[in-house]
Amino acid sequence: MAQFESRRITISHFAAAKVCKLLNVPINCKPQTLASAVEQLIFELGCKCTSTEEKVRNLRQ
């Protein structure tokens, strides 16, 4: 079984709002929901790209 490391990060309110906007999550969601949304972005968009918004739009099409 693969081992995964856990990391704690702190993000600004602006960054949290951006994540919520990208994934259509309410800004007043629970911290666990926001953490899941960030995790989803990390796994889906793990590569370095110039525009996260563009990549998310392409994934949804």
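Since every read-out is calculated from the coordinates, none of them should be taken as a lab result. The structure displayed is predicted, hence computed values, not measured ones. So basically every Cβ, Gly included, is an ideal-geometry build from the backbone, and we count neighbours across all protein chains shown.
Taking neighbour Cβ counts within 10 Å as the exposure measure, how do E44, E39 sort from fewest upward? Working shown, then result.
On the way: E44 13, E39 10.
Exposure proxy ranking, most exposed first: E39, E44.
Multiplying the sequence separation of N24 and F43 by 0.36 nm and subtracting their Cα-Cα distance, what value in nm do you get? Let's see the in-between values first.
Values: separation 19, 0.36 × 19 = 6.84 nm, distance 1.73 nm.
So the extension gain works out to 5.1 nm.
Gain in length, A15 to Q3, computed as 0.36 nm per residue apart minus the alpha-carbon separation, to one decimal in nm? Let's see the in-between values first.
Values: separation 12, 0.36 × 12 = 4.32 nm, distance 2.82 nm.
The A15-Q3 span can extend by a further 1.5 nm.
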